[in-house]
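For reference, the structure is listed below as structure tokens.
The values are calculated or read from the model by the stated rules, or taken from the named source; none is laboratory data. These numbers were taken from a predicted model, which means no experiment stands behind them. Virtual Cβ from ideal backbone geometry, glycine too; neighbours counted across all protein chains shown. Surface areas here come from the heavy atoms of the whole protein model, side chains and all, with no ligands, DNA or RNA. Shrake-Rupley method; radii C 1.70, N 1.55, O 1.52, S 1.80 Å.
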Amino acid sequence: MKPKTIKTGIMSYGMSGQLFHAPFIDYHEMFELTAILERSRNLSAERYPDATIVRSTDELLAINELELIIVNTPDLTHYEYTRQALLAGKHVVVEKPFAQTVAQCRELIRIAEERNLMLCVYQNRRWDGDFLTVKNIIEQGTLGRLVEFESTFARYRNYIKPDTWKEQSGGMMYNLGSHIVDQTISLFGLPEAVYVDIATMRDGGVVDDYFCLHLIRCAKNPELRVTLKAGYLMCEPEPRFVLHGTEGSYLKHGVDPQEERLKNGETPLADNWGLESPDKWGVITTEQEGRVKYPTVKGDYTSFYDAVYQSLRNGAEHPTDARGNVAVIQLLETVSKAKPGSVVDMNPK
């Protein structure tokens, strides 16, 4: 007998719902996009006519047949809406950041465990092709002993975009930083301490739009130098990844192409989904081989919902299970309270 499909509701149909969730749920044969919350519009009706449009979280959570809820609302609402969904007996995928504090994370995990519900965080950039490439290079020891790792998200918008919650609450550290902190902790573990520089650089800004973190003595590689950086005033982008080792270096410019293809209206059914063109590949430089192009691994956000299916139907642990994502919030919460230019202890006595 074929397993029943996972009836799914999406809590918002903004950019996140339109690009990162609805297309992948609709594409996957074991999911059914059943309900979409749009408070005043009907944008989803044309593309997903079989999905019911609801106007409130109460209406969404009252749909008994829904098994899974996607909490993809503004960052500061994740805790409360995830809590409501769990208490309504629904499995939950919550967008990053998981919550704002470790205490909130632990409460949500407790509720999920008490009700035997899945709770995982949408850390889709673990399936970016460039990150998968970096992971392979590290695991294979291609560069010898790794001594330095840099991860940067470069953005350029020198004005404050009106009428967007991202310019009013949360800030870059929690929003974009959630991605590269998660990627880095998944590779190297939590650091013992962090040098912190977080700032608001743009005129008229009210939330942080720049950060630079130096992670000191990461659990899995204490000797490694790690730098994480992002900003909105990088008109000339810095490399996305820089790796230096005893046997060579890897440099990668540009970002995974999946988001841009989604913005252009493509779906995961498109030809060569997740593949990066060779002119975008990074380079590895060694003494023996010189400077050569290094193929980027195929990225695939569909793997996230494959993992959700395996978790719900076969009991597999999800790679972005909420329990494993608490460390991300621990770091974000700690550095966000720190003075710029300070070093904070991640394990205070």
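Tabulated data for the structure shown
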quantity: Residues satisfying the stated conditions in segment 315-329, i.e. in contact with a strand residue (DSSP E or B) (Cβ under 7 Å, 6 or more places away or on another chain) and either surrounded by fewer than 16 Cβ atoms within 10 Å (Cβ to Cβ) or part of a helix (DSSP H, G or I) (or both); calculated: A322, N325
quantity: Only listed residue being among the β-branched types (V, I, T), closer than 17 Å to D300 by Cα and crowded, with 20+ Cβ neighbours inside 10 Å, chosen from I25, I6; calculated: I25
quantity: Filtered residue count, segment 174-200, keeping only those that are closer than 13 Å to K337 by Cα, open to solvent by 10 Å² or more (accessible area, probe 1.4 Å) and touching a helix residue (DSSP H, G or I) at 6+ places or on another chain (Cβ under 6 Å); calculated: 2
quantity: Candidate set: segment 28-60, residues that are outside any loop (DSSP other than H, G, I, E, B) and aliphatic (A, V, I, L, M); chosen: the one surrounded by the fewest Cβ atoms within 10 Å (Cβ to Cβ); calculated: I53
quantity: Scan of segment 249-277 for residues that are part of a loop (DSSP other than H, G, I, E, B), touching a strand residue (DSSP E or B) at 6+ places or on another chain (Cβ under 9 Å) and either open to solvent by 60 Å² or more (accessible area, probe 1.4 Å) or hydroxyl-bearing (S, T, Y) (or both), ordered by number; calculated: H253, V255
quantity: From the options V335, V308, residue that is assigned to a helix (DSSP H, G or I), modelled with pLDDT of 95 or more and under 30 Å from D209 (Cα atoms); calculated: V335
quantity: Check on V206, at pLDDT below 95 and over 21 Å from the mean Cα position of the chain (by Cα); calculated: yes
quantity: Criterion (at pLDDT 95 or above and open to solvent by 50 Å² or more (accessible area, probe 1.4 Å)) met by exactly one of T296, T285; calculated: T285
quantity: Scan of segment 157-173 for residues that are crowded, with 20+ Cβ neighbours inside 10 Å and either at pLDDT 95 or above or part of a strand (DSSP E or B) (or both), ordered by number; calculated: M172, M173
quantity: Filtered residue count, segment 7-27, keeping only those that are closer than 24 Å to E260 by Cα and assigned to a strand (DSSP E or B); calculated: 1
quantity: All positions within segment 38-69 that are of a type outside the set (A, V, I, L, M, F, W, C) and touching a Lys or Arg at 6+ places or on another chain (Cβ under 8 Å); calculated: E38, R39, S40, R55, S56, E65, E67
quantity: Elements of type strands (runs of 3 or more DSSP E) in segment 91-156, at least 2 residues being at pLDDT below 95; calculated: none
quantity: Residues satisfying the stated conditions in segment 218-268, i.e. touching an Asp or Glu at 6+ places or on another chain (Cβ under 6 Å) and of a type in the set (V, I, T); calculated: T227, V242
quantity: Residue match in segment 64-75 (condition: open to solvent by 20 Å² or more (accessible area, probe 1.4 Å) and either in a strand (DSSP E or B) or aliphatic (A, V, I, L, M) (or both)); calculated: no
quantity: Hey, D271 charged (D, E, K, R) and under 30 Å from L33 (Cα atoms) or not; calculated: yes
quantity: Output for segment 201-242, where each listed residue is in a strand (DSSP E or B), of a type in the set (A, V, I, L, M, F, W, C) and surrounded by fewer than 16 Cβ atoms within 10 Å (Cβ to Cβ); calculated: L233
